[in-house]
Structure formats: structure tokens, C-alpha cells
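**Student:** For reference, the structure I am asking about is given below.
The values are calculated or read from the model by the stated rules, or taken from the named source; none is laboratory data. What you see is a predicted model, and the numbers here were worked out from it, not measured in a lab. Neighbour counts run over all protein chains shown; Cβ positions are idealised from the backbone, glycine included. All accessible areas refer to the heavy atoms of the entire protein, side chains included, with ligands and DNA or RNA removed. Shrake-Rupley method; radii C 1.70, N 1.55, O 1.52, S 1.80 Å.
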Amino acid sequence: MIQHKQRIQGYDVARALAVFIMIIVHFNLVLSNADNNESTLASLLNLIQGKGAALFVVIAGAGISLMIRNSLLLNDKIRLKEQQVLLSKRAVFLFVFGLIFTLVWPADILHSYGCYILIGAIVVTRHSAYLWIFILLLILSYPFILEFVDYEKGWNWITVEYTNLWSFNGFIRNFFINGFNPVVPWVAFILAGIWLGRQNIHSKHIRNTILGVSTTVFVLIQMISKRLVEASQNFTNLTSNEAMSFFGTEPMPPMPLFMISGISWAFMMITICIWITEKLKHIPVCNFLVKTGQMAFTHYISHVVIGLMVCIIIFGENNLAQWQAVSLALIYCSICIVFSVLWSKKYKKGPMSMFIRYVTKT
């Protein structure tokens, strides 16, 4: 493994992209009234469902690898232990903060994200082969788990609310199996990111190989998904919704095709963003996106408590055309970029990152 001390800005750009995708998806879900829309815009929005969050988690895994890289290279077990403790503290904070934030935003990922980070900190020293074994087990075992756990239990699909979230059984079931971003199998994303962070991404050969393979897998999965959905409707008694649940690439439930699609999508986007930052690093827009990605946690929180809340007060819920909701999302993304650039002129860390470090004393 080759040591590189310089920050890989492509990860920051990819993190900004992940946040932008989540903003667009959430604005569409909360503000638009486009049910059963078959427009091109609707198809694109369906394609990126869950992809922003998946990208965000994969980047977190890569960040863990990059953080402990020098300690592994130098076999500094004391420093490595300190870094694992630091990650654990931040994971606990994110879990607790995310639970509180769930009261405002039921689809919150931060409490699950905290668990992903904790698991990542524990397994980060394991061999890459073990990581991929864990990933495959998580992805392939999930459909069998659903044979014993009713995926729809607790859900009110009319209001998209989890009715007994705060009971012990309801919380455990939601958190690990049938929530918006369940630990099983979503933790596979952070394990894939840990593997990616170990690769010498500065090598054009390695980067091009990862890009080529991930792009091929992503395209194949989309094609396979479409054919399986069509075949299941033609040759089985499955309804359209059931076929999409089993063989689609939508995030709920997170079946194997979605998970594989999400990992390949994340690898594809990260390598493209790294290539772009290398080629266009002197262009101001690229630097603006880097600053935005470095404040991802701040923008994730603010897009709900500021962006969506203001829009709901003005426009109400599910009252806008889809293009209007997406337009508002893009406007808010622009505001995030402007804020990031202005904030970074005085501070190195975003508000949320500063708050996390202050509370966890890290």
C-alpha cells in the first residue's frame, strides 16, 4: 500500500454529490404530488432513490480506511486503538443525535450511520477478503431473514410512518431489518467503502479498473432488474409492486439487486469525482464543491430543519409538480454551496463537524 498524505478532494466532491442527491430525493418526496408519474424526470428520480445515502455511507467507509492508514503502515497499535476509540465516540454521538433528529425527520439515517461507523471501526483491520465475505453474507442473507421477519410489520404505507417505532421490539426490528436504512444489510456499504479506501486510488490503472468494473456491474444490474420484473409479471402471480420489491433496485426493501447496484454506483461516482478533481482542480466551481462536501453533515441537517420546513410552510406538503419540487431542491443545493464557500473563509470545519468534535472531545 502506498502512503499519500495529501487529502483526496475527489471524496469531498463525491460527498457533496451524495448530499445533493439526498436533498433532491427528499424535496421530491415531501413537496411533490407526482404519484405514478411516468415522465423522464420521475424515472431519473426513481433511479437515484437511495443512491445518495448509499454513496454517503461508502464514502464514510473509505474515510475510515484513510484515517487509520498510517497507523496500519507503521504497525502503530497504540495509535490505531486511539483512532478506533475516537471513531466509536463519534459513532455513539451520531446514534444518539440521530435518534433525537428522528423526531423531526423519521427517515433519518444518522442513528443508523452511527452503528455503521461503530461496526466499521471494529472490522477495519480485517483482511479485504473477510470484508467481501461479510458484504456478501449481509446482502445474500437479507431475503432469507425476511422469511422470518415480516417486512411490512409496523409500517403504515399510506402515511409512510412506522407505528410502533419507540417500543423495544419495534425499534429493534426497524433499526436492524425493516427501517429506512436498516443495519442489515446497509452496513455492507461501509465495508465496501473500507475496501475502496485501501486501494491506491491515485493509480490511474487501479482507478480505471474500478470505474470500468463498477460501471459494467451497475448497467448489468439495471438490465437484469428490468428483465426479472417483466418476467415475474408474465410467468408468476406476483403483482407489479411485489415484483419491484423482489427484483427492483429501489431501497425499500434493500434486496440484493439494490445493494449491488448501490455499491457499484458509489464506486463509479467516487472514481469519476476523483478524476474530475484531478483534471479541473484549478476551476473555482470544483473548489466550491470540495468545500460543500466537507460540510456534508451540516447540509444534511439543515436541508430538513431549514430547507424543507420553510418550503412546507410556504407551499405545503405534496402540493407541487415534480419539476417544481426538484427546482426548489436545486436552489437549496446552490444555497448550500454559497454558504460553504463563505463559511470556509473563516472556519476549517463546518458547524455540525465542530459540534461533533466539541461534544465528543475529539
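**Student:** Go through segment 183-217 residue by residue and tally those that are of a type in the set (Phe, Trp, Tyr) and within 22 Å of Pro143 (Cα to Cα).
**Tutor:** 2
**Student:** Considering each of Leu211, Leu257, Leu220, Leu228 in turn, give the residue that is more than 27 Å from Leu110 (Cα to Cα), in a helix (DSSP H, G or I) and touching a Phe, Trp or Tyr at 6+ places or on another chain (Cβ under 7 Å).
**Tutor:** Of the residues listed, the single one that is more than 27 Å from Leu110 (Cα to Cα), in a helix (DSSP H, G or I) and touching a Phe, Trp or Tyr at 6+ places or on another chain (Cβ under 7 Å) is Leu228.
**Student:** Taking the conditions exactly as written (in contact (Cβ under 8 Å) with a residue 12 or more places away in the chain and surrounded by fewer than 20 Cβ atoms within 10 Å (Cβ to Cβ)), does Asn75 satisfy them or not?
**Tutor:** When the stated conditions are applied, Asn75 does not pass them.
**Student:** Here is a check on your reading of the model: is Ile21 among the aliphatic types (A, V, I, L, M), surrounded by 19 or more Cβ atoms within 10 Å (Cβ to Cβ) and in contact with a Gly (Cβ under 6 Å, 6 or more places away or on another chain)?
**Tutor:** yes
**Student:** Out of all the residues in segment 37-52, which are within 15 Å of the chain's Cα centre (by Cα) and open to solvent by 10 Å² or more (accessible area, probe 1.4 Å)?
**Tutor:** The answer is Leu47, Ile48, Gln49, Gly50.
**Student:** Might you check whether a residue that is assigned to a helix (DSSP H, G or I), modelled with pLDDT of 95 or more and under 12 Å from Trp265 (Cα atoms) occurs anywhere in segment 194-204?
**Tutor:** No, the conditions are met nowhere in segment 194-204.
**Student:** Here is a list: Ile68, Ile139, Ile64, Ile59. Which entry is touching a helix residue (DSSP H, G or I) at 6+ places or on another chain (Cβ under 8 Å), over 23 Å from Ser353 (Cβ atoms), part of a helix (DSSP H, G or I) and in contact (Cβ under 8 Å) with a residue 12 or more places away in the chain?
**Tutor:** After ruling out the rest, the residue left standing is Ile139.
**Student:** Also, quick follow-up: For segment 300-319, which positions are open to solvent by 20 Å² or more (accessible area, probe 1.4 Å) and closer than 20 Å to Ala34 by Cα?
**Tutor:** Answer for segment 300-319, where residues must be open to solvent by 20 Å² or more (accessible area, probe 1.4 Å) and closer than 20 Å to Ala34 by Cα: Met309, Ile312, Ile313, Ile314, Phe315, Glu317, Asn318, Asn319.
**Student:** If you scan segment 327-353, which residues turn out to be at pLDDT 95 or above and surrounded by 20 or more Cβ atoms within 10 Å (Cβ to Cβ)?
**Tutor:** Matches in segment 327-353: Leu328, Ala329, Tyr332, Cys333, Cys336, Ser340.
**Student:** What residue, of Leu99, Leu131, Leu146, is under 21 Å from Ile177 (Cα atoms), open to solvent by less than 70 Å² (accessible area, probe 1.4 Å), of a type outside the set (D, E, K, R) and under 18 Å from the mean Cα position of the chain (by Cα)?
**Tutor:** The unique qualifying residue is Leu99.
**Student:** Among Phe297, Phe258, which is open to solvent by less than 60 Å² (accessible area, probe 1.4 Å), closer than 30 Å to Pro143 by Cα and aromatic (Phe, Trp, Tyr)?
**Tutor:** Just a single option satisfies the conditions, and that option is Phe258.
**Student:** Looking at segment 245-253, can you tell me whether even one residue there is within 26 Å of Trp157 (Cβ to Cβ), open to solvent by 70 Å² or more (accessible area, probe 1.4 Å) and not hydroxyl-bearing (Ser, Thr, Tyr)?
**Tutor:** Yes: segment 245-253 contains one or more residues that are within 26 Å of Trp157 (Cβ to Cβ), open to solvent by 70 Å² or more (accessible area, probe 1.4 Å) and not hydroxyl-bearing (Ser, Thr, Tyr).
**Student:** Right, here's the next one. Tally time: how many residues in segment 149-177 are part of a loop (DSSP other than H, G, I, E, B), open to solvent by less than 70 Å² (accessible area, probe 1.4 Å), out of contact with any Pro (no Cβ under 8 Å at 6 or more places or on another chain) and aromatic (Phe, Trp, Tyr)?
**Tutor:** 0
**Student:** Do you know which residues across segment 38-70 are within 12 Å of Ile117 (Cα to Cα) and among the polar types (S, T, N, Q)?
**Tutor:** The answer is Ser65, and nothing else.
The rows are residues; the columns are (1) of a type outside the set (Asp, Glu); (2) in contact with a strand residue (DSSP E or B) (Cβ under 7 Å, 6 or more places away or on another chain); (3) farther than 30 Å from Val290 by Cβ; (4) without any contact (Cβ under 8 Å) to a residue 60 or more places away in the chain.
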site: Leu238; (1), (2), (3), (4): yes, no, yes, yes
site: Pro251; (1), (2), (3), (4): yes, no, no, no
site: Pro256; (1), (2), (3), (4): yes, no, yes, no
site: Met259; (1), (2), (3), (4): yes, no, no, no
site: Trp265; (1), (2), (3), (4): yes, no, no, no
site: Met269; (1), (2), (3), (4): yes, no, no, no
site: Ile274; (1), (2), (3), (4): yes, no, no, no
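**Student:** For segment 218-234, check the following and say yes or no: at least one residue is surrounded by 23 or more Cβ atoms within 10 Å (Cβ to Cβ) and either at pLDDT 95 or above or farther than 17 Å from Leu140 by Cα (or both).
**Tutor:** So far as segment 218-234 goes, no, none of its residues is surrounded by 23 or more Cβ atoms within 10 Å (Cβ to Cβ) and either at pLDDT 95 or above or farther than 17 Å from Leu140 by Cα (or both).
**Student:** Could you figure out which of (1) out of contact with any Lys or Arg (no Cβ under 8 Å at 6 or more places or on another chain); (2) within 28 Å of Ala192 (Cβ to Cβ); (3) among the aromatic types (Phe, Trp, Tyr) isn't true of Phe315?
**Tutor:** (2)
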